[in-house]
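Scroll down for the structure; my scribbles are underneath it.
The values are calculated or read from the model by the stated rules, or taken from the named source; none is laboratory data. Everything numeric in this text was worked out from a predicted model, so none of it was measured. For neighbour counting, all protein chains shown are included, and Cβ atoms are generated from backbone atoms with ideal geometry for every residue, glycine included. When the accessible area is computed, the model is the full protein with side chains, heavy atoms only, and any ligands, DNA or RNA have been set aside. Shrake-Rupley method; radii C 1.70, N 1.55, O 1.52, S 1.80 Å.
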Amino acid sequence: MNQKILNHYNESLRVYKLLNNNLSKIEEISKFLLKIIKKKKNVFVYGNGGSFSDSSHFVGELTATYEKKNRKPLPFYLLASNNAAVTAWSNDFNFIDYSKRELSAYAKKGDCLILLSTSGGNFKNKQSLNLIKLAKYCGKNKIYLLSLLGKGGGELKKYSNKYIIIPSNNTGSIQEAHKMILHSVCAFMDYSF
């Protein structure tokens, strides 16, 4: 067996087992999101790179269907999904500010933003600076911030109302754990409506 494959597999299994320590947090986040939706508020979701793809997948499960095919669509929105706007702003100004600009156009007090980040953001390493700007915006504008993080949580844990940190430095294993959490939220939402 190739050692790299075995190492990744073993790290992912270790992380999955540790998710048991976060089951109450996953339930708490699920119930919090249900409360937000019942108040007729919106939930925005965002991440960079693979976390953007996972955000898109999550939003798709909740606006379309997950397991329960007759569940109503839920008000979850993927930030930065308009490629024309993202590339225009990035070309004319800079990428770091775009997602905050878009959120400011749509989000209202009491809405919620879910951020996915394997690094949690880091000023020194210039990681996920756009997510840090989003997090600060949420705090100033009374938008709830839920974050799924890795690698110790970085800067984002300071700004988040609720967060789960995946105890790993392996990006792939962190993303896989985030997906398991997101699918757990989808299962909860399916049977809450």
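If a residue must be of a type outside the set (S, T, N, Q) and open to solvent by less than 70 Å² (accessible area, probe 1.4 Å), how many such residues does the range 90-99 contain? Matching residues across the range 90-99 total 3. Checking Phe188, Phe193 one by one, the residue that is more than 25 Å from Asn94 (Cα to Cα), open to solvent by 20 Å² or more (accessible area, probe 1.4 Å), at pLDDT 95 or above and not in a strand (DSSP E or B) is Phe188 and no other. Considering only the range 56-89, state which residues are surrounded by 14 or more Cβ atoms within 10 Å (Cβ to Cβ), under 23 Å from Leu129 (Cα atoms) and either modelled with pLDDT under 95 or among the β-branched types (Val, Ile, Thr) (or both). Selection gives Val59, Val86. Residues that are free of Cβ contacts under 8 Å to residues at least 40 places away in the same chain and either open to solvent by less than 10 Å² (accessible area, probe 1.4 Å) or assigned to a loop (DSSP other than H, G, I, E, B) (or both) within the range 149-159 comprise Leu149, Gly150, Lys151, Gly152, Gly153, Gly154, Glu155, listed in sequence order.
Is at least one residue of the range 126-147 among the hydroxyl-bearing types (Ser, Thr, Tyr), open to solvent by 50 Å² or more (accessible area, probe 1.4 Å), under 25 Å from Ile36 (Cα atoms) and modelled with pLDDT of 95 or more? I'd like the intermediate steps shown before the answer.
First pass over the range 126-147, keeping only residues among the hydroxyl-bearing types (Ser, Thr, Tyr): 128, 137, 144, 147.
Going one step further and asking which of them are open to solvent by 50 Å² or more (accessible area, probe 1.4 Å), we end up with 144.
Going one step further and asking which of them are under 25 Å from Ile36 (Cα atoms), we end up with 144.
Checking the rest, the ones that are also modelled with pLDDT of 95 or more come to 144.
Yes, the conditions are met somewhere in the range 126-147.
Screening Lys124 on (1) outside any loop (DSSP other than H, G, I, E, B); (2) more than 21 Å from Ile26 (Cβ to Cβ) shows it passes everything except condition (1). Given the criteria open to solvent by 20 Å² or more (accessible area, probe 1.4 Å), among the aromatic types (Phe, Trp, Tyr), under 22 Å from Lys72 (Cα atoms) and within 16 Å of the chain's Cα centre (by Cα), does Phe52 qualify? It is false that Phe52 is open to solvent by 20 Å² or more (accessible area, probe 1.4 Å), among the aromatic types (Phe, Trp, Tyr), under 22 Å from Lys72 (Cα atoms) and within 16 Å of the chain's Cα centre (by Cα). In the range 106-121, the qualifying residues are those that are touching a residue at least 40 places away in the same chain (Cβ under 8 Å) and in a loop (DSSP other than H, G, I, E, B), and the one that is most open to solvent (accessible area, probe 1.4 Å) is Lys108.
Where residues in the range 1-48 are in contact with an Asp or Glu (Cβ under 8 Å, 6 or more places away or on another chain) and open to solvent by less than 20 Å² (accessible area, probe 1.4 Å), which of them is farthest from Ser119 (Cα to Cα)? Even if it seems obvious, please write down each step before you answer.
The initial filter retains those residues of the range 1-48 that are in contact with an Asp or Glu (Cβ under 8 Å, 6 or more places away or on another chain), namely 12, 15-16, 36, 41-44, 47.
The next check asks that each one be open to solvent by less than 20 Å² (accessible area, probe 1.4 Å); those that pass are 12, 15, 36, 43-44, 47.
On the way: Ser12: 17, Val15: 16, Ile36: 27, Val43: 22, Phe44: 20, Gly47: 11 Å.
My answer is Ile36.
Just the residues that are within 14 Å of the chain's Cα centre (by Cα) and of a type outside the set (S, T, N, Q), please, taken from the range 116-137.
Taking the range 116-137 first, the residues within 14 Å of the chain's Cα centre (by Cα) are 116-121, 128, 130-132, 134-135.
Passing the criteria: Leu116, Gly120, Gly121, Leu131, Ile132, Leu134, Ala135.
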